[in-house]
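Q: Structure provided below as structure tokens; questions to follow.
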Amino acid sequence: MTENLKVLVVDDEPFILRSLTFVLQKGGFEVLEARDGEEALEMIRRHRPGLVFLDVMMPKMNGYDVVREVREDEELNEVHVILLTAKGQESDRALGLDAGANDYLTKPFSPSRILQMAKEVLEG
């Protein structure tokens with residue numbers, strides 16, 4: 001089991017940010033929040049979360065670009081990134097995985113699925 005139970009939730013939609021944070025905190029995780037791609041990248045570099053739930057469509061910097069930046073930094077290789085998106089096309093999924101995401105989840109998703117994924121990644 002990894003010792004890093006920090007989860008970063010990144011979404012520019014306040015309702016999604018609040019609901020994911022609530023569910024993950026109830027599940028025992030330490031949750032950090034970011035509202036755009038630039039803030040997400042700064043938080044990842046500063047806090048080194050074990051897991052990032054990252055929205056694709058965001059202001060300043062999209063999720064694909066954030067993942068690419070994270071993957072280019074050898075010190076951040078251990079960060080597990082799951083992209084969250086309203087775009088469910090197979091080509092969008094391929095783009096996310098090609099950028100370096102570990103997984104891809106299409107909105108709408110259930111909070112219990114988010115918690116299950118966090119437990120699988122961080123608690124093994």
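Q: Check which residues have an amide H placed less than 5 Å from His80's amide H, if you skip close sequence neighbours.
A: Leu51, Val52
Q: Can you tell which of Ile44, Met117, Leu83 lies farthest toward the positive end of the dipole of the chain, using +1 and -1 charges on the Cβ of basic and acidic side chains (Lys, Arg; Asp, Glu)?
A: Met117
Q: Based on the Cβ-Cβ distance from Phe15 to Lys87, what FRET efficiency comes out when R0 is 22 Å, to the nearest 0.05? Could you put the intermediate results ahead of the total?
A: Details: r = 19 Å, r/R0 = 0.85.
With R0 = 22 Å, the Cβ-Cβ based efficiency is 0.75.
Q: Under a straight-distance cross-link criterion of Cα-Cα below 12 Å, which aspartates and glutamates are reachable from Lys87, leaving out those fewer than 8 residues away in the same chain?
A: Asp55
Q: Is the chain best put as rounded, prolate or oblate by its Cα gyration tensor, with a ≥ b ≥ c the root eigenvalues, rounded for a/c under 1.5, and otherwise prolate when a/b is larger than b/c, oblate when not? Provide the component values of the computation, followed by the final result.
A: Working: a/c = 1.32, a/b = 1.11, b/c = 1.19.
Rounded.
Q: Right, something else. Is the C-alpha gyration tensor of region 1-50 telling us rounded, prolate or oblate? Criteria: a/c under 1.5 is rounded; beyond that, a/b larger than b/c is prolate, otherwise oblate.
A: Numbers: a/c = 3.42, a/b = 1.10, b/c = 3.11.
It comes out oblate by the Cα gyration axes.
Q: Can you give the log10 of the normalised intensity I(q)/I(0) at q = 0.12, 0.13, 0.29 Å⁻¹, computed with Debye over equal Cα scatterers of region 50-114?
A: -0.27, -0.32, -1.35
Q: What is the gain in length, in nm to one decimal, between Glu74 and Glu123 on full extension, counting 0.36 nm per residue of separation less the C-alpha to C-alpha distance? It would help to have the intermediate numbers written out before the result.
A: Values: separation 49, 0.36 × 49 = 17.64 nm, distance 2.29 nm.
Stretched out fully, the Glu74 to Glu123 stretch lengthens by 15.3 nm.
Every number in this text was worked out from the coordinates using simple rules, so none of it is lab data. This one's a predicted model, so the numbers in the text were calculated from it and none came from an experiment. Cβ atoms come from the backbone with ideal geometry, glycine included; neighbour counts cover every protein chain shown.
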